[in-house]
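Okay, so here's the structure we're looking at.
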Amino acid sequence: MAEPSPRRRAPHAPAHTPARTHALHRSLHALRHAAHRVDAATPASRDRAVDALRAVAILGVVLGHWLVTALIAEDGGLHTASPLQHMPWLAPVSWLFQTLALFFLVGGHVATRSLATARARGESYGGWLRARLARLLRPVAALLALWTVAGTALLLTGTPLATVHTLCKLALSPLWFLLVFAALTAATPLVARLNPLWPLAVVLHVDVLRFGLHLGPSWLGWTNLAAGWLVPYTLGAAWARGELHSRHSAWALLLGGTVATAVLVGWAGYPASMVGVPGSAVSNLNPPTLAAVTFGLAQCGLALLLRDRLRRATARPLAWAAVALVNLSAMTIFLWHQTAMMAATATGLVVGRLPGLHTAPDSPAWVAYRLAWLPLFALALALCRAAFRHHEQGPRRPRNRPSQVVHRHLPPTKSPHHA
């Protein structure tokens, strides 16, 4: 009698499914445990909506740059282009991802509260400012050092000067934002109580002179670089003082900013894109125009309306841990995201010209390919974060020292509004 054949393993059952499942469960458990530790270490008085808005602002800028900036490989070099040049109907993408106004809103809010707390402790303005700017500007040194070496090496190896200029310009482009933000931070004692209507009036008058009357020197528009971003910054200061807690003020900002932007774009000739488009006569961002400022007002109004929902969402440990992770490396992420994109693009050249990575952004197919490349950009950015985050966070803290992510940014008063 023939011996019974051994039972065959079902072809669809992997050999180590239980082990893999166990490892997955352990990883998820470790992730939840870490998230609960961060959540438990966070003071109940901390306004998590502020951190959530900062995370949204940073990630919006990063994704926006990755989607609207293309590096085209042609004639042995690289040059930049934008899908908004070839497909103007993509302008709404810039409405979603041009989130700088949110960052200035949060910056004004946090700086105003921080200064009030420092004064209550008897700390000098100089000491407060040094502490505020140290973490803001410390990561810049690493970026400048790396690109000084990289640019020199590229030139010595025969890379065309135009390509080196393109790469360095992209890598260092985030620095303009930091310079403006640092200047407004330093001016916080002077502008913390400034009515946002004053800088808004400056932007209005500058644009009337530039576009309406065609008067004034060529540099006049750059006045808006400070005045334009001072509008959301002073709104953040007003929020810190408790002047924007009513939903009526938030709705007024949202509706007023939306209507004003629609009028400016639809009837006053302002570009629909809220970011610069190569080849366009006017950019809404460089320098900021009145349309960019009114669009920022609408964004600030929406952010203020969503505060309670953001607080409820970040009450969940996993959501809060993700927000805290972004906030701990906010400047590192912001400074290195263009470098990460270029590193991924340069690596791809080893294979050849890849669609969505090295080709002209002139069709919907390019958009689909670019979306598929985003995970690779994110991986490159994660590597940059791992390599350079210590420049932002400082030396590794002792185990018994509280994490920076749960420090307070509250004023000395204990009003219910500040809870």
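Structure above, values below:
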item: Of all residues in segment 266-292 being among the aliphatic types (A, V, I, L, M) and over 17 Å from the mean Cα position of the chain (by Cα), the one that is modelled with the lowest pLDDT; result: Ala281
item: Helices (runs of 4 or more DSSP H) contained entirely in segment 177-258, each with at least 3 residues that are of a type in the set (Phe, Trp, Tyr) and within 30 Å of Val62 (Cβ to Cβ); result: 223-240
item: Selected residue (criterion: surrounded by the fewest Cβ atoms within 10 Å (Cβ to Cβ)) from residues of segment 259-275 that are among the hydrophobic types (A, V, I, L, M, F, W, C) and in a loop (DSSP other than H, G, I, E, B); result: Ala268
item: Boolean, Ala57 is outside any loop (DSSP other than H, G, I, E, B), within 26 Å of Ala171 (Cα to Cα), at pLDDT 90 or above and aliphatic (A, V, I, L, M); result: yes
item: Residue under evaluation Arg37, criteria (1) surrounded by 18 or more Cβ atoms within 10 Å (Cβ to Cβ); (2) part of a helix (DSSP H, G or I), criterion not met; result: (1)
item: Residues of segment 83-106 that turn out to be closer than 16 Å to Gly296 by Cβ, crowded, with 18+ Cβ neighbours inside 10 Å and not aliphatic (A, V, I, L, M), as a count; result: 6
item: Leading residue by the ranking (nearest to Ala382 (Cα to Cα)) among those in segment 327-355 that are among the hydrophobic types (A, V, I, L, M, F, W, C) and surrounded by fewer than 17 Cβ atoms within 10 Å (Cβ to Cβ); result: Ala346
item: Residue that is farther than 17 Å from Ser283 by Cα, surrounded by fewer than 23 Cβ atoms within 10 Å (Cβ to Cβ) and of a type in the set (Gly, Ala, Ser), where the choices are Ala250, Ala240, Ala226; result: Ala250
item: Conditions (1) closer than 19 Å to Ala268 by Cβ; (2) modelled with pLDDT of 95 or more; number of the one not met by Gly221; result: (2)
item: Qualifying residue in segment 128-142 (condition: surrounded by 22 or more Cβ atoms within 10 Å (Cβ to Cβ) and under 22 Å from Ser329 (Cβ atoms)); result: yes
item: Residue within segment 66-74 that is loosely packed, with under 14 Cβ neighbours inside 10 Å, over 23 Å from the mean Cα position of the chain (by Cα) and farther than 29 Å from Ala237 by Cα present; result: yes
item: Residues of segment 107-127 satisfying the condition of being crowded, with 20+ Cβ neighbours inside 10 Å and not hydrophobic (A, V, I, L, M, F, W, C); result: Gly107, Gly108, His109, Thr112, Arg113, Ser114
item: Count of residues meeting criterion [under 18 Å from Pro189 (Cβ atoms) and either modelled with pLDDT of 95 or more or outside any loop (DSSP other than H, G, I, E, B) (or both)] in segment 85-122; result: 15
item: Which numbered condition Pro278 fails, given (1) in contact with a strand residue (DSSP E or B) (Cβ under 9 Å, 6 or more places away or on another chain); (2) over 26 Å from Leu67 (Cβ atoms); (3) outside any helix (DSSP H, G or I); result: (2)
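The values are calculated or read from the model by the stated rules, or taken from the named source; none is laboratory data. Every value quoted in this text rests on a predicted model; they were computed, and no experiment measured them. Reconstructed Cβ throughout: ideal geometry from the backbone, glycine too, with neighbour counts over all protein chains shown.
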